[in-house]
């Protein structure tokens with residue numbers, strides 16, 4: 001594939017004057033931290049156009065080999081004033097992706113959304129278990145997957161590693177300046193999304209066009225939905241906000257102790273203390 005930087009040639013012109021652009025911003029992760037919710041919230045903004053599906057261009061070699069024109073064609077049409085955004089959470093943990101995105105356009109803005117790593121891990125397990133159940137397959141218990149004999153944490157389990165945010169964040173900031181990487185508090189996005197979305201508007205250089213009135217709490221689902229036209233609500237699909245399994249409190253405590261030092265390193269790297277429990 002031609003990896004030439006195409007930052008000065010980002011558009012494909014359509015007959016109606018709209019254009020397909022390579023994204024100016026990519027939500028690169030983290031899985032099960034609210035990437036879909038964040039994308040839907042940002043899409044309220046009149047100057048944001050989103051790619052509907054996770055493209056997985058940069059993390060899947062078969063797609064990357066199709067070239068940037070293929071990737072561009074996965075994007076929505078937009079006007080010059082609009083910001084095109086795509087999200088693929090697998091980007092965050094895939095080692096080759098930072099350089100691939102940088103090669104496409106060194107000025108790309110990146111958004112990472114994180115939440116309490118233990119909550120994220122349990123949510124990850126719940127999704128995998130639900131997907132297996134749909135195929136009439138059973139999944140090992142949470143405890144059996146994350147604990148080794150003797151009670152140590154199984155760091156070879158991918159879902160455990162994903163929650164060690166500092167490792168992956170460091171890879172990105174070795175390629176991109178921190179000024180181009182914005183970290184969203186995913187826990188706060190669940191309980192009070194408006195301030196987090198405002199920060200993203202500012203990061204993207206957009207006028208503040210999203211208001212508190214654009215968010216409506218759905219007590220049945222347990223999370224905020226998008227309020228459209230002041231009346232109707234658009235909520236994430238039923239796969240979002242699924243119930244988590246009950247986990248032994250001792251296991252939770254073991255996980256919190258395990259992640260504590262990793263979390264403190266992440267706080268230092270980002271310059272923000274997220275206050276995740278350590279015991």
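Points to keep in mind about this one:
- Pair residue 63, residue 81: separation of 7 Å Cα→Cβ label points (nm): 3.1 nm
- Between residue 179 and residue 156, the contour length at 0.36 nm per residue exceeds the alpha carbon distance by 5.1 nm.
- Net length gained if the chain between residue 208 and residue 137 were fully extended (0.36 nm per residue, minus Cα distance): 20.9 nm
- Using the Cβ-Cβ distance between residue 43 and residue 130 with R0 set to 41 Å, the FRET efficiency from 1/(1 + (r/R0)^6) comes to roughly 0.95.
- Rounded to 5, the percent of DSSP beta bridges in the chain classed as antiparallel: 45 percent
- Cβ crowding within 10 Å, taken as a proxy for footprinting-reagent exposure, orders 216, 156 from fewest neighbours to most as 156, 216.
- In terms of surrounding Cβ atoms within a 10 Å radius of their Cβ, 155, 84, 108 rank from fewest to most as 155, 108, 84.
- Percent RCO, i.e. relative contact order, over the chain, from Cα pairs under 8 Å lying at least 6 residues apart: 20 percent
- What the Cβ-Cβ distance of residue 198 and residue 250 gives, at R0 = 41 Å and to the nearest 0.05, is a FRET efficiency of 0.55.
- To the nearest ten degrees, helix 117-134 and the longest principal axis of the Cα atoms of the chain are 90 degrees apart.
- For the chain, adding -39500 (n - 2.57) for each run of n ≥ 4 DSSP H residues and dividing by the number of residues yields -10500 deg cm²/dmol at 222 nm.
- Summarising the label geometry, the points placed 7 Å from Cα in the beta-carbon direction at residue 52 and residue 243 lie 3.2 nm from one another.
- Semi-axes of the equivalent ellipsoid for the range 11-270, Cα gyration tensor, largest first, Å: 31, 22, 18
- Taking Cα atoms only, the orientation of helix 193-203 departs from the longest principal axis of the chain by about 50 degrees.
- For the pair residue 188 and residue 96, the difference between a 0.36 nm per residue extended length and the Cα-Cα distance amounts to 30.1 nm.
Quick note: the coordinates plus some simple rules give every number you see, no bench work behind them. This structure is a prediction, so every number in the text was calculated from the model and none was measured. Backbone-built Cβ (ideal geometry, glycine too); neighbour counts: all protein chains shown.
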